[in-house]
Amino acid sequence: MAESILPNAIRSQSQPHAFVQVQVWIRRLVWKIAIATVLLMAVGSATRVMNAGLACPDWPLCYGQWIPSQQMNLQVFLEWFHRLDAALIGFSTLILVGLSWWFRRVLPSWLPWATLGSLALILVQGLLGGLTVIELLRFDIVTAHLGTAMAFLGSLVIIGLCLMPYQSNQTAGKLRPVALASTTIIYLQCLMGGLVGSQWAAHQCLAIAGTQFCQVLHSHLLGVLPTALGVAMTYWCTRRTPALNPFLRQLGNGALALLGGQILLGVATLKLHLQIEPLTVAHHTVGICLWATLLAIAVLAVRDHRPTTPITA
């Protein structure tokens, strides 16, 4: 029974206290899945840059086995581990949905439906993952695979932040539209980066200047300008808005630091002609973290517009 998972003390306490405890427990599970998703995306990036996307020629098994011990090498391991991690995240999301519906009487009414949305995204993500293998890494499917993964991560970030205790000062007026616009710009920039990676556009352009792939790479490079402007404006709003929640200021500082690291990693990656795989993986992963941070600022800025909900951790 799902109810037996929680401590007996929770079930025996009053309804308001049970509400708080169950919500905290669900929130921790959401954040664990979110962290695992970021790590999954990092492994997926490593799989691509190591040219291991087709190391397992079939799907969902690998060489027709759950564990291809005889064929195991670094490339096979990366692809196999990527699938294993994705399966574990899918299973964890299924548990999250089940618990949200089981305890729906002591949880916010929107939560079970939100977790169903996350589950739908992870199912689409799994389907796209299979199609990337079946369609031999077709660039549009690979890019959609990335976009859906980001949407799934975003759904977890939104759920986790909406369950988090937050002191609303109702001062984040200008921050809301700026953060929402910046989040959208960075999402599109990440998708453009996915196109660059899925078409090996940087490698092609560095090898033969003037090819059509250079247009894809240059579009991604030009996207750095609106991305940097959006992050800078968001940071400026977090610093200049009076009486803003301190956590929002910390997120603004983090976004600016991640932007600086992302630009440095991007420059280093190009200067070294994408020959250092860990740099490329770090570039992709920091970009995802930057987007998630901007999304967190946007969500909390929206929450700041509303009166504080009396929930304690």
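The values are calculated or read from the model by the stated rules, or taken from the named source; none is laboratory data. Quick caveat, the model's predicted, so the values are computed rather than measured. When we count neighbours, we look across all protein chains shown, and the Cβ atoms used for this are built from the backbone with ideal geometry, even at glycine. All accessible areas refer to the heavy atoms of the entire protein, side chains included, with ligands and DNA or RNA removed. Shrake-Rupley method; radii C 1.70, N 1.55, O 1.52, S 1.80 Å.
Classify the chain as rounded, prolate or oblate from the Cα gyration tensor: take a ≥ b ≥ c as the square roots of its eigenvalues, call it rounded if a/c is under 1.5, otherwise prolate when a/b beats b/c and oblate if not. Because a/c hits 1.5 or more and a/b fails to exceed b/c, the chain counts as oblate.
In whole Hz, what ³J(HN,Hα) sequence does segment 216-223 give by Karplus (6.51, -1.76, 1.60; θ = phi - 60°), x for Gly and Pro? These are the phi-based 3J(HN,Hα) values: 5, 5, 5, 4, 5, 5, 5, x Hz.
If I take R0 = 45 Å and measure r between the Cβ atoms of residue 136 and residue 264 in this structure, what FRET efficiency does the formula 1/(1 + (r/R0)^6) give, to the nearest 0.05?
Numbers: r = 34 Å, r/R0 = 0.75.
Plugging the Cβ-Cβ distance into 1/(1 + (r/R0)^6) gives 0.85.
Residue 35 contributes an accessible area of around 110 Å² to the protein surface, as traced by a 1.4 Å probe with all chains present. Take residue 258: with every protein chain present and a 1.4 Å probe, its accessible area is about 50 Å². Take every Cα pair under 8 Å whose residues are at least 6 apart in sequence, average their separation, divide by the length of segment 47-94, and the relative contact order is 41 percent.
Can you compute the FRET efficiency between residue 51 and residue 184 using 1/(1 + (r/R0)^6), with r the Cβ-Cβ distance and R0 = 25 Å? Round to the nearest 0.05. It comes to 0.20. Measuring from each cysteine beta-carbon in the chain, the ones with no other cysteine beta-carbon under 4.7 angstrom are 162, 190, 237, 289. Working note: Debye formula, equal point scatterers on the alpha-carbon atoms of segment 216-301, no solvent; log10 I(q)/I(0) at q = 0.16, 0.22, 0.24 Å⁻¹ is -0.64, -1.02, -1.15.
For the residues 280, 171, 293, a GNM of the chain with alpha-carbon springs under 10 Å puts the largest fluctuation on 171.
Heavy atoms of the protein only, probe of 1.4 Å, neighbouring chains included. What is the accessible area of residue 77 in Å², nearest 10? Surface accessible to solvent at residue 77 totals approximately 90 Å². Each of residue 66 and residue 127 was given a label point 7 Å from its Cα along the Cα-to-Cβ line. The distance between the two points is 2.6 nm. Compute the distance in nm between two label points, each set 7 Å from the Cα along the Cα-to-Cβ direction, one at residue 211 and one at residue 171. Placing both labels 7 Å along Cα→Cβ, they lie 5.3 nm apart.
Apolar share of the accessible surface for segment 177-313: 70 percent from carbon plus sulfur atoms, 1.4 Å probe. Working note: Karplus 6.51/-1.76/1.60 with θ = phi - 60° gives segment 149-154 the couplings 4, 5, 5, 5, 4, x Hz, where Gly and Pro are set to x.
Among 229, 116, what's the order by accessible area (1.4 angstrom probe), most exposed first?
On the way: 229 105, 116 65 Å².
From most exposed to least exposed: 229, 116.
Quote the FRET efficiency, to the nearest 0.05, computed for residue 250 versus residue 28 with a Förster distance R0 of 22 Å and r equal to the Cβ-Cβ distance. Don't jump to the answer; show the numbers that get you there.
On the way: r = 20 Å, r/R0 = 0.91.
With a Förster radius of 22 Å, E is 0.65.
Here the Karplus curve 6.51 cos²θ - 1.76 cosθ + 1.60, taken at θ = phi - 60°, turns the phi angles of segment 60-75 into couplings of x, 6, 10, 6, x, 10, 6, 10, x, 5, 6, 8, 5, 9, 4, 5 Hz, with x standing for Gly and Pro. Taking 0.36 nm per residue of sequence separation and removing the Cα-Cα distance, the residue 218/residue 257 pair yields an extension gain of 11.6 nm. In the full protein context, the chain carries 50 Å² of accessible surface per residue, based on a 1.4 Å probe and ignoring ligands, DNA and RNA.
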